[in-house]
1. May I ask you to list pairs of residues, at least six apart or on different chains, whose Cβ atoms are under 9 Å apart, with the first in segment 1-16 being over 17 Å from Thr69 (Cβ atoms) and in contact (Cβ under 8 Å) with a residue 12 or more places away in the chain and the second being in a loop (DSSP other than H, G, I, E, B) and open to solvent by less than 40 Å² (accessible area, probe 1.4 Å)?
2. Give me a count of the residues in segment 28-54 that are over 13 Å from Asn13 (Cα atoms) and assigned to a strand (DSSP E or B).
3. For segment 18-46, which positions are within 14 Å of the chain's Cα centre (by Cα) and of a type in the set (Lys, Arg)?
4. Is it fair to say Glu80 is at pLDDT below 90 and either surrounded by fewer than 16 Cβ atoms within 10 Å (Cβ to Cβ) or among the small types (Gly, Ala, Ser) (or both)?
5. Mind listing whichever residues of segment 19-52 are polar (S, T, N, Q), within 18 Å of Trp2 (Cα to Cα) and open to solvent by 50 Å² or more (accessible area, probe 1.4 Å)?
6. Modelled with pLDDT of 95 or more, acidic (Asp, Glu) and under 11 Å from the mean Cα position of the chain (by Cα): which single residue out of Asp49, Asp15, Asp4 fits that description?
Amino acid sequence: MWIDYFNGMVLENGDTVRAVPYDKKITPRTIVQCQLTGLDKHGIWNALDLESEYDCGECYGDPREIKLTDEMIVKVWRDEE
């Protein structure tokens, strides 16, 4: 289920999140689903935008690689226990 993200929540590689990477205003149209792929050396998440496809010739259809700060993450998927 989707739960609200709060600063300090533990995130891991492979987590699925809903984030606002392209716009500062949070609306249903600006929120995209992403998969976290790891932290960079500055503590910013590398992620794949699962809702857009990056067109660069041979890799059409691959998710776009993006950066996510904590401020961009809105919700986190957690399995019900």
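1. Ile3/Met9
2. 8
3. Once the filter is applied, which keeps residues that are within 14 Å of the chain's Cα centre (by Cα) and of a type in the set (Lys, Arg), segment 18-46 yields only Arg18.
4. For Glu80, the condition - at pLDDT below 90 and either surrounded by fewer than 16 Cβ atoms within 10 Å (Cβ to Cβ) or among the small types (Gly, Ala, Ser) (or both) - is met.
5. Gln33, Gln35
6. Asp15
The values are calculated or read from the model by the stated rules, or taken from the named source; none is laboratory data. Just so we're clear, the structure is a prediction, and the values are computed from it rather than from any experiment. Virtual Cβ from ideal backbone geometry, glycine too; neighbours counted across all protein chains shown. Keep in mind that these areas ignore ligands, DNA and RNA; they rest on the heavy atoms of the full protein, side chains included. Shrake-Rupley method; radii C 1.70, N 1.55, O 1.52, S 1.80 Å.
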